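Below: the structure, in structure tokens.
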Amino acid sequence: MYETQNQIFLYHGYGLGCGGYVERKGERFAIDTVAAGALSITGGYSETRQRGWKYPNPSSRPGSRGSKPPAGLVVSIDETTTRVWSDWKQDEERKDEGVWVTTAEVRTSGFNLDNVVKADLLVAKLTSVHYKQRKGVRKQQPRISFSGSEIRNLTIRGVPVTVPIDAILDDFQTHDELKDALNGNTMPKPRKDFPAAQCKAWSRDLPVRNLRKGKKSDPEYVSDIGAKFLSKTVTRCSIAGPLTAPPETTGYGYSINIEGYGRIFVGEMIVSDSMKHLSMLRVDLGCDSCAALTAAAAIVNGESMP
């Protein structure tokens, strides 16, 4: 029997353990996606697991001219588990209504890139809460939390890199709230464990850590992120706090430039009005090695109709 509803929700969530490309002499070679998982538009549950993955391998896809993947880049992962699921919960503020909830969680263990960048565990987790549209009221942006995301034992050439997660940033869960925080228009609310002086310091350092303010001496890739690769509808930032850069590397915000190798970006998040995309590691080896990849990425997005 059919029962009409005031609104419906179209679910959208997915995740992956690793993916990207390698380029040599103008020819691109895909790095096959590891343990990709996606949620049905109607909701439900998805779980994908993959163990003992390595690139390149005999099953790697060829380049545009059918040649074998090039030697030089080696990536391996012990295990990745991707889970994406939906839920419907009672809204605490509106007792007569519910909210749509989507969660995407990717756990990648034993990540190893060329024996240069390693991590024992990468966890990307996003949970979105979408509200029902109310007649005559401006549509609310979803609240999307990254709570539960982490990086354990990240090393560069054997030297540990401390990666604190910026839990305070998770107070600003909508796109508008995030933009206000990054632009210095709002600060965290003081509390016992985070007094007013720390709130001011956090707000002052936030744009620098997120590559929104730089120096003339910064490398070109930092300047491009802060001044060139911008969008009115999409915001780029990171859930990572201050990083420690090992010897023979230089830290710029949430990125670390590895001399003679390339760059890594930690906890990078891409945000729009209804979406968040979190990559716990993004690697850009630039024109010398010509490769780019992400590891442990989760994405949630959905839309109510009407």
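Data for the structure
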read-out	value
Among residues of the range 192-209, those that are over 15 Å from residue 166 (Cα atoms) and modelled with pLDDT under 95, counted	1
Residue ID - surrounded by the fewest Cβ atoms within 10 Å (Cβ to Cβ), chosen from residues in the range 131-171 that are among the β-branched types (Val, Ile, Thr) and within 17 Å of the chain's Cα centre (by Cα)	168
Filter pass, residue 205 being exposed (fewer than 13 other Cβ atoms within 10 Å of the Cβ), among the acidic types (Asp, Glu) and either out of contact with any Asp or Glu (no Cβ under 7 Å at 6 or more places or on another chain) or closer than 25 Å to residue 273 by Cα (or both)	no
Criterion (within 20 Å of the chain's Cα centre (by Cα) and at pLDDT 95 or above) met by exactly one of 236, 212	236
So residue 269, is it closer than 26 Å to residue 13 by Cα, modelled with pLDDT of 95 or more, touching a Pro at 6+ places or on another chain (Cβ under 9 Å) and not acidic (Asp, Glu)	no
Pair list, Cβ < 7 Å and 6+ apart or interchain, from the range 23-36 residues that are in contact (Cβ under 8 Å) with a residue 60 or more places away in the chain and in a loop (DSSP other than H, G, I, E, B) to residues that are crowded, with 17+ Cβ neighbours inside 10 Å and not polar (S, T, N, Q)	35/16; 35/17
Leading residue by the ranking (farthest from residue 123 (Cα to Cα)) among those in the range 227-252 that are surrounded by 20 or more Cβ atoms within 10 Å (Cβ to Cβ) and in contact with a Gly (Cβ under 8 Å, 6 or more places away or on another chain)	252
In the range 263-306, the residues that are in contact with a helix residue (DSSP H, G or I) (Cβ under 8 Å, 6 or more places away or on another chain) and in a strand (DSSP E or B)	263, 271, 284
Candidates 76, 86 - the one that is modelled with pLDDT of 95 or more, more than 30 Å from residue 140 (Cβ to Cβ) and either β-branched (Val, Ile, Thr) or in a strand (DSSP E or B) (or both)	76
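The values are calculated or read from the model by the stated rules, or taken from the named source; none is laboratory data. Note that the structure is a prediction, hence the values are computed from the model and not measured. Every residue, glycine as well, gets a Cβ built from its backbone with ideal geometry; the counts of neighbours run over all protein chains shown.
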